[in-house]
1. Specify which residue in the list HIS127, VAL52, GLY90 is farthest towards the positive end of the charge dipole of region 42-130, using unit charges on the beta carbon of Lys, Arg (+1) and Asp, Glu (-1), about the Cα centre.
2. If you place +1 on the Cβ of every Lys and Arg, -1 on the Cβ of every Asp and Glu, and leave all else neutral, what size is the dipole of region 42-130 about its Cα centre, to the nearest 20 Debye?
3. Relative to the present Cα-Cα distance, how much length would full extension add between LYS260 and HIS45 at 0.36 nm per residue of separation?
4. Of the cross-linked pairs LYS163/LYS287; LYS75/LYS260; LYS124/LYS296; LYS99/LYS260, which ones have a Cα-Cα span greater than 32 Å in the structure shown?
5. Spelling out what I want: for every residue of region 234-239, take phi, set θ = phi - 60°, compute 6.51 cos²θ - 1.76 cosθ + 1.60 (Karplus), and round to whole Hz; glycine and proline get x.
6. Please work out the Cα center distance from region 235-253 to region 56-76, rounded to the nearest Å.
7. Give me the net charge of ALA229's neighbourhood, meaning all other residues with Cβ under 11 Å from the Cβ of ALA229; Lys, Arg count +1, Asp, Glu -1.
8. Packing-wise, with mean Cβ within 10 Å as the measure, how do 56-64, 290-298 rank, highest first?
Amino acid sequence: MGSDSIECVSSIDGMDEEDTARTQSSKPHGGAAPPAGIAPSTSVHELLECPVCANSMYPPIHQCQNGHTLCSTCKTRVQNRCPTCRQELGDIRCLALEKVAESLELPCKYYSHGCPEVFPYYSKLKHESQCNYRPYNCPYAGSECSVVGDIPFLVTHLRDDHKVDMHTGCTFNHRYVKSNPREVENATWMLTVFNCFGQSFCLHFEAFQLGMAPVYMAFLRFMGDENDARNFSYSLEVGANGRKLTWEGTPRSIRDSHRKVRDSHDGLIIQRNMALFFSGCERKELKLRVTGRIWKEQQNSDAAVCMPNLCS
Ligand SMILES: [Zn+2]
Ligand SMILES: [Zn+2]
Ligand SMILES: [Zn+2]
Ligand SMILES: [Zn+2]
């Protein structure tokens, strides 16, 4: 089951020449040193590392009667025994270490990816969970892929490891052919990557069960952050026999999971009957021709854009 039961035939109209810019070259990975002067000495760093789980310790930091420290997460797990000396743990805070931690300013852990920010120890975690330079998850759906990385890395990963089709150009003409349109599994889906405007976009196409009814859905995701995604729009069209369905929207960032976008119905949804109608009279085979276009929006700074799934 799955992707190999769908055959995908694609051609590019090649009318737009403005999109010849290539994907930006990738930044060196992990090679950069932390900004000079703010890197804590290793020993302080080691002091703040929980000896049990090796994560950074945040308050409350605990210690046993002999002075062995551990983090609050580990403290709840060790049943009141110090993991280092096996003595009773009690409820002693290590205020000195908490003070040391407070005095530290540390670079964001994604400094090697380009983040220039420096934070007081305790606000670092919060920033890192939102940092624009944090790695992206692999946008490939339908499998549990745990690969993370920056965009150039993920584009290469999609091409080489998931064998995803790559296209250059901001118009496309895609044919989805499936021999047995009666079987609709949640796992039936396709991914194509489009490179245009120096950016990459994922075109998803899939069949799934919406309530009781099987539907087909196509949508575009932007390989980058939400703020940048808003600079683009796209349209999708499917039709035959003098009828057509059109969808126009803003690509969603791949920060939003594939499933989240799908479940918010933020894309072109084709009912089964309509899909069979578009496929021709025999109804033996699903044959959908999806055309689309990606374009750049005029820079528009009035922020607060509402996502469909957040509005209801
Ligand atoms: Zn710990
Ligand atoms: Zn101890
Ligand atoms: Zn950062
Ligand atoms: Zn992957």
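We did not get these values from a lab; they are worked out from the coordinates using the rules stated. Bear in mind that the values here come from a model prediction, so they are computed numbers and not experimental data. Don't worry about glycine lacking a Cβ; one is built from the backbone with ideal geometry, like all the others, and counts go over all protein chains shown.
1. It is GLY90.
2. On the way: 9 positive and 9 negative charges, 60 e Å.
It comes to approximately 280 debye.
3. 73.6 nm
4. On the way: LYS163/LYS287 22 Å; LYS75/LYS260 35 Å; LYS124/LYS296 34 Å; LYS99/LYS260 41 Å.
Among LYS163/LYS287; LYS75/LYS260; LYS124/LYS296; LYS99/LYS260, the Cα-Cα distance tops 32 Å for LYS75/LYS260; LYS124/LYS296; LYS99/LYS260.
5. My calculation for region 234-239 gives 8, 10, 10, 9, 9, x Hz in order.
6. So the separation of the two Cα centres works out to 56 Å.
7. Details: positive: ARG221, ARG230, ARG252, ARG255; negative: ASP225, GLU226, ASP228, ASP256, GLU297.
With Lys, Arg at +1 and Asp, Glu at -1, the neighbours total -1.
8. Ranking, from highest mean packing down: 56-64, 290-298.
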